[in-house]
Amino acid sequence: MEMRAVYAECLAQLMEQDRHVVVLDADLARASGTLKLYERFPRQMFDCGIAEQNMASIAAGLSSYGFKPWIESFAPFATRRICDQIAISICYAKQNVKIVGTDPGISAELNGGTHMSMEDMGVVRSIPGMVIYEPVDERQLRAAMPVLNAYVGPVYIRLFRKAQPDVFPEGYKFDLFKANLLREGKDLSIFVTGMMTKDCLDAARILLEKGIDAEIINVHTIKPVDRETVLASARKTGAVLTVENHNVIGGLHSAILETLAREKIPAMAVGVQDRFGEVGKLPYLREAVGLTVENIVATAEEAIKLK
């Protein structure tokens, strides 16, 4: 299934169980996958129009009255456009609002650079009290949705809208604040989030043929980062690579470097190198910004040389 369809299906289950769960969108229910929920839950769905700042403020108000609002828009409009409302109305006021940013990074594709949120995690990661989560596949998202809804406090969710390859097995147990070890290794720690996770597993197989045993850890929650898992893996392997569909400034790479600040461990990054996006399909954009298996392998080899 498309990730947005999984998201909508899980929302429907939550809304059936609890009338306090409400969804607000900025005239983007079709894009977010939640359009049909208006028929099933007319009293729990709100179209705020193309007015994300107002949407965030309404959500904060609803939260103050005991509702559990989920707000959704394209990732740049769910973060940088409403940064002040997130900071003051939601986080400073300690409101329980879930913020869903769809099509993060290069996944905005043909919508182009204006809709490509290379910086969305960096925007909200600096706001006190914010939790940031990025799902990997359908199974993880299904397991995460009730946990996210039960968590009391603001959460930003980076939602890739289209289908994603399976990474996690049936029966996967989700822990919001614990990173997932996907592959054990001894030579290099690769920390990855979101849509790049399967690519890292593919890169690990190529690296093994080259004599490099890479450990793969999915960091699905970028804030707060799982310091214990990050430090244990990095100290074991002695070299680190981060991989993300985001600017290397402010996202996963920054979070890992902050965690390793007192460690003498080399770290390199595969990510967007401080640039804006452009119009294109995903294969072209991957090549343009270096989000490829080949680049993961090459950068991993460079990180090994720094040990």
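The values are calculated or read from the model by the stated rules, or taken from the named source; none is laboratory data. Just so you know, these numbers come straight off a predicted model, no measurement behind them. Positions of Cβ are generated from backbone atoms using ideal geometry, with glycine treated the same way; all protein chains shown enter the neighbour counts.
Of (1) in a helix (DSSP H, G or I); (2) over 24 Å from Thr259 (Cβ atoms), Gly122 satisfies all except one. Which?
Result: Gly122 fails condition (2) only.
Restricting to the range 18-35, and then to whatever is in contact (Cβ under 8 Å) with a residue 12 or more places away in the chain and exposed (fewer than 15 other Cβ atoms within 10 Å of the Cβ), can you tell me which residue is farthest from Val97 (Cα to Cα)? So that I can check it myself, show each step before the final result.
Within the range 18-35, the first condition is being in contact (Cβ under 8 Å) with a residue 12 or more places away in the chain, and the residues that meet it are 18-29, 31-34.
If we keep only those that are exposed (fewer than 15 other Cβ atoms within 10 Å of the Cβ) as well, we get 18-19, 27.
Working: Asp18: 15, Arg19: 15, Asp27: 18 Å.
Per the criteria, the residue is Asp27.
Return the residues of the range 1-59 that are of a type in the set (Ser, Thr, Tyr) and over 21 Å from the mean Cα position of the chain (by Cα); say none if nothing qualifies.
Quick first cut of the range 1-59, residues of a type in the set (Ser, Thr, Tyr) only: 7, 32, 34, 38, 57.
Across the range 1-59, the qualifying residues are Tyr38, Ser57.
Going by what's in this entry, would Gly112 be described as in contact with a strand residue (DSSP E or B) (Cβ under 8 Å, 6 or more places away or on another chain) and touching a residue at least 40 places away in the same chain (Cβ under 8 Å)? Please lay out each step first, then the result.
Values: in contact with a strand residue (DSSP E or B) (Cβ under 8 Å, 6 or more places away or on another chain): no; touching a residue at least 40 places away in the same chain (Cβ under 8 Å): yes.
In short, no.
In the range 248-257, how many are touching a residue at least 24 places away in the same chain (Cβ under 8 Å) and surrounded by fewer than 19 Cβ atoms within 10 Å (Cβ to Cβ)?
The initial filter retains those residues of the range 248-257 that are touching a residue at least 24 places away in the same chain (Cβ under 8 Å), namely 248-252, 254-256.
The next check asks that each one be surrounded by fewer than 19 Cβ atoms within 10 Å (Cβ to Cβ); those that pass are 249.
So the answer is 1.
I'd like to know if the range 140-147 contains one or more residues that are touching a Ser or Thr at 6+ places or on another chain (Cβ under 7 Å), surrounded by 14 or more Cβ atoms within 10 Å (Cβ to Cβ) and not hydrophobic (A, V, I, L, M, F, W, C). Reasoning before the result, please.
Within the range 140-147, the first condition is being touching a Ser or Thr at 6+ places or on another chain (Cβ under 7 Å), and the residues that meet it are none.
Within the range 140-147, not a single residue is touching a Ser or Thr at 6+ places or on another chain (Cβ under 7 Å), surrounded by 14 or more Cβ atoms within 10 Å (Cβ to Cβ) and not hydrophobic (A, V, I, L, M, F, W, C).
I'd like the residue in the range 1-33 that is in contact with a Lys or Arg (Cβ under 9 Å, 6 or more places away or on another chain) and of a type in the set (Asp, Glu) and, out of all such residues, is nearest to Val167 (Cα to Cα).
Top of the filtered list is Glu2.
So, of the residues in the range 36-59 that are acidic (Asp, Glu) and touching a helix residue (DSSP H, G or I) at 6+ places or on another chain (Cβ under 9 Å), which turns out to be surrounded by the fewest Cβ atoms within 10 Å (Cβ to Cβ)? Talk me through it step by step, then tell me what you get.
Of all residues in the range 36-59, those acidic (Asp, Glu) come to 39, 47, 52.
Keeping just the survivors that are touching a helix residue (DSSP H, G or I) at 6+ places or on another chain (Cβ under 9 Å) gives 47, 52.
Working: Asp47: 15, Glu52: 26.
By that ranking, first place goes to Asp47.
Could you please find all residues in the range 281-307 being surrounded by fewer than 16 Cβ atoms within 10 Å (Cβ to Cβ) and closer than 20 Å to His115 by Cβ? Before you say what the answer is, go through the steps one by one.
Filtering the range 281-307 down to residues surrounded by fewer than 16 Cβ atoms within 10 Å (Cβ to Cβ) leaves 281-284, 287-288, 294, 298, 301-302, 305-307.
Within the range 281-307, Lys281, Leu282, Pro283, Tyr284, Glu287, Ala288 meet the criteria.
Go through the range 263-307 and give me each residue that's part of a loop (DSSP other than H, G, I, E, B) and under 22 Å from Thr221 (Cβ atoms). Break it down stepwise before answering.
From the range 263-307, those part of a loop (DSSP other than H, G, I, E, B) are 263-266, 273-281, 290-292, 306-307; that's our starting set.
Once the filter is applied, which keeps residues that are part of a loop (DSSP other than H, G, I, E, B) and under 22 Å from Thr221 (Cβ atoms), the range 263-307 yields Glu263, Ile265, Leu291.
Okay, residues lined up against (1) in the same structural domain as Glu278 (by TED's automatic domain parsing); (2) surrounded by fewer than 24 Cβ atoms within 10 Å (Cβ to Cβ); (3) modelled with pLDDT under 95:
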| residue | (1), (2), (3) |
| --- | --- |
| Tyr92 | no, yes, no |
| Ile99 | no, no, no |
| Gly105 | no, no, no |
| Asn111 | no, yes, yes |
| Glu119 | no, yes, no |
| Val124 | no, no, no |
| Ile127 | no, yes, no |
| Asn149 | no, yes, no |
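Of everything in the range 282-307, what is in contact (Cβ under 8 Å) with a residue 40 or more places away in the chain and under 20 Å from the mean Cα position of the chain (by Cα)? Give them in sequence order.
Across the range 282-307, the qualifying residues are Leu282, Leu285, Arg286, Val289, Leu291, Thr292, Val293, Ile296.
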